[in-house]
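Taking it in order: structure first as structure tokens, then the write-up.
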Amino acid sequence: MNTEPKRELAEVLAAIDGSGGITAELARRLKVNWQTAAGYVKRWKATRDAWTIEGNKSDELARSIVLDALVARDLSTAKWWLSRRLPNEFGANVGLAELQAQLDDLTASLSDA
């Protein structure tokens, strides 16, 4: 038997706002389990739309943070970025010696700029 309280659309929408699009956070805010929170997101078109918008806001924030780190010349972020954007050159399939040589070349070219 489900003992969790029923939530109304307005209450779920308010909980989605600022949740980061993270189901566990939504569940915490609504004081329900993860599955119930996920069900509330799927239940109404308004909650599905709000969930998509909230997730997009979090994605944009994360992109902004990564780009700020790249502009600040953060090496670990640059390595991560290159491994994702150029996997054939910098991904997990590239040998470590080859990767280090490529990073050394990139670092040298950046310091010349």
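The values are calculated or read from the model by the stated rules, or taken from the named source; none is laboratory data. Because the structure is a prediction, the values reported are computed rather than measured. Using ideal geometry, Cβ is built from the backbone for each residue, glycine included, and neighbour counts are taken over all protein chains shown.
Observations
- ASP104 outside the structural domain of GLU8 (by TED's automatic domain parsing), free of Cβ contacts under 8 Å to residues at least 12 places away in the same chain and at negative phi: yes
- The single condition among (1) of a type outside the set (Lys, Arg); (2) modelled with pLDDT of 95 or more; (3) over 19 Å from the mean Cα position of the chain (by Cα) that LEU106 does not satisfy is (2).
- Condition met for LEU9 (touching a Phe, Trp or Tyr at 6+ places or on another chain (Cβ under 6 Å), of a type outside the set (Gly, Ala, Ser) and touching a residue at least 12 places away in the same chain (Cβ under 8 Å)): yes
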